[in-house]
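Before any comments, here is the structure.
Please treat every number below as a calculation from the coordinates, not as lab data. Please read all numbers here as calculations on a predicted model, not as lab measurements. Note that we place each Cβ from the backbone using ideal geometry, even for glycine, and neighbour counts take in every protein chain shown.
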Amino acid sequence: MVRAERSFSVLYLTLSREFHKEIKEMSMIIRNGCLEDLQQVISIEQINFSEAEAASKKAMQERLTIMTDTFLVAEINGRLAGYIEGPVIKGRYLTDDLFHKVSEFPVRVGGFIGITSLSIHPDFKGQGIGTALLAAMKDLVVSQERDGISLTCHDDLISFYEMNGFKDEGESDSQHGGSLWYNMIWNNPTRSIC
C-alpha cells in the first residue's frame, strides 16, 4: 500500500508540473464582452448549439450591447475560449422570450441573472473554463446583491452544474429549440430568499 501511495505521489507531482507548465504558457483573462467579440462569440455559439437553439447574430449583438455587465468572456492568449451571458430577471426561472429579446432590468438589487448561454470553444473544453466563468458570474451576483443564478440545461449537463453548486429544480416549462430543459438554480449565500 505504501508503494502505491508513493507511485501516486510521483505521478501526481509529474502531472502537477506539467499542468503548471501549461498554465504558465496559457494566460486566461475573464472580462466583460464587447462588440469586437461578436464574430468569435457567434462562431462558438453555432458550434455548440443546434440551429434551433443557437442565438442569432442579431440577438447576440443586442446582448453584447445591452448586457454590458452580465456578458463575460474568457480569453486565452488573445483568443476567445468561451463566454457566459444572461440578463437580470425578476422571476426564479428563465422564460423562452429571454432567448430572443433582451430588455434591461430596472432594479439595481435583487432578481436572478438568467444565463441564456454558457459556451466553450471545443479547443478549450475540459480545462475548467466553464467552471471559471460560472465562478466569475457568482462573484458578480454577490457584488450586485442579486438573489442568484438561474439557467436551463439538457439532462447530460445536470451533473456539471451540480458540481458547480447548482440545484436541479426539475423540468423547465421552456420549449426553446423544441428541447427538454431542466431548471438549475444557484442561490446567493449572502442573501436570504423567501
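Note on T190/S56: beta-carbon distance plugged into 1/(1 + (r/R0)^6) with R0 of 22 Å gives a FRET efficiency of 0.05.
Along region 38-52 the Karplus relation, 6.51 cos²θ - 1.76 cosθ + 1.60 evaluated at θ = phi - 60°, assigns HN-Hα couplings of 3, 4, 5, 4, 4, 4, 5, 4, 6, 5, 9, 10, 5, 4, 6 Hz to successive residues, with x for each Gly and Pro. Here the 3J(HN,Hα) profile of region 118-123, calculated from phi with Karplus coefficients 6.51, -1.76 and 1.60 at θ = phi - 60°, is 10, 9, 10, 4, x, 5 Hz, Gly and Pro shown as x. Computed from label points 7 Å out along Cα-Cβ, the spacing between E171 and F49 is 2.2 nm. Counting Cα-Cα pairs of region 114-156 in 10 Å increments starting at 0 gives whole-percent bin shares of 24, 50, 23, 2. A cut-off of 5 Å between modelled amide H atoms, ignoring neighbours fewer than 5 places along the same chain, links N164 with no other residue.
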